[in-house]
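The values are calculated or read from the model by the stated rules, or taken from the named source; none is laboratory data. Quantities reported herein were computed from a predicted structural model and do not represent experimental measurements. Here Cβ is always computed from backbone atoms with ideal geometry, including for glycine, and neighbour counts include all displayed protein chains.
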Amino acid sequence: MEANRTLLQMKFARVVAMFAEQQGLSVEQALALFYHSETYRELSEGIADLHCRSDQYVTDELKAEYFQ
């Protein structure tokens, strides 16, 4: 399933904001980590329909990628 690009961009923004807040990062730092992550690649390529998961789930995946 392929996500609508506009909706996907809105999800990116919500995930980055949530990630920044939960990790105590600036939005710029969180954005840099996000765009260089495997999570971003999977989201943007529609792998495993990750874009269908909740924002919190995707944020948790991002945190696991960097901080666990």
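This table checks each residue for (1) in contact with a Leu (Cβ under 9 Å, 6 or more places away or on another chain); (2) under 17 Å from residue 9 (Cβ atoms).
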position	(1), (2)
39	yes, yes
43	yes, yes
47	no, no
52	no, yes
56	no, no
66	yes, no
*Considering each of 31, 62, 43, 8 in turn, give the residue that is of a type in the set (A, V, I, L, M) and without any contact (Cβ under 8 Å) to a residue 24 or more places away in the chain.*
31
*Residues within segment 14-24 that are surrounded by 14 or more Cβ atoms within 10 Å (Cβ to Cβ) and small (Gly, Ala, Ser), tallied*: 2
*asked:* Can you confirm whether residue 13 is touching a helix residue (DSSP H, G or I) at 6+ places or on another chain (Cβ under 7 Å), at pLDDT 95 or above, assigned to a helix (DSSP H, G or I) and among the small types (Gly, Ala, Ser)?
replied: no
